[in-house]
Structures are given as C-alpha cells and as structure tokens.
Amino acid sequence: MSAALLERLDRIERQLATLLARGAGVRTDGARTRVSKDTAAVMLNCSKRQVDRYASRGLLAKLPKGPKDRTTYFDPASVDALVASEDAAREWIARRKYVPKGKIR
C-alpha cells in the first residue's frame, strides 16, 4: 500500500475511535464512565432484552438518567463483573450497597 493510503487509513481509525469513545462515555484517559445498553449487550454477548433481564434481576447497576436522556446506561464496573460471572456481579452489587455514600467525619 502507498504511504498516503496508510496515513489516510490511520486518520480514519483515529476519528472512529474518538467517535466511539464519545458515544460510549469514555474519558480521555481511557476509563469508561458509563456503558449503554447496546454496548453492554455486545460485551455480554447477548441481546438487549437479556441486558434488561439482568438489570431487572439486580445484576447490573443502572445509572441515573438526565432530563432529556432516553438511553439507559449502566455502571461499567457492574458490566465487567457480569462479564466475569453472575456470582461476581452479585458480589459487586452487594459490596456497592454497603459502601457509605456520605462524608467521612
């Protein structure tokens, strides 16, 4: 391949990665801040309906929605735990429930 074609391909790949990062809630340092239902379905290798079932069973932690936001987002750590196993997801949810959310005095 020619050098110009390779440079163009690299530029397109960088632009695509930037667009995907914005849509998936990825910070500039690479850490995810949220995972959409579509992305969770891909990560879990299941359907979006199954993702809803996991959420209703309490295996995925939903994030609060904004006033005009219709998309459901999940905590990336809970999705990662469910990718590992259902038991890991249950443990993650249990640990999350018992973490104090107020200020430490």
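Structure notes:
- With the simple spin-label model, which puts each label point 7 Å out from Cα in the Cβ direction, the ASP52 to ARG32 separation comes to 2.1 nm.
- Each of ILE12, ILE93 has some number of other Cβ atoms within 10 Å of its Cβ, and from fewest to most they run ILE12, ILE93.
- Around PHE74: net Lys/Arg minus Asp/Glu count, Cβ-Cβ under 9 Å: +2
- Note on region 32-99: along the principal axes its Cα atoms extend 32, 28, 22 Å, ordered by decreasing extent.
No lab work stands behind these numbers, since they all come straight from the coordinates. Values in this document were obtained by computation on a predicted structure and should not be read as measured data. Glycine also receives a Cβ, built like all others from the backbone with ideal geometry; neighbour counts cover every protein chain displayed.
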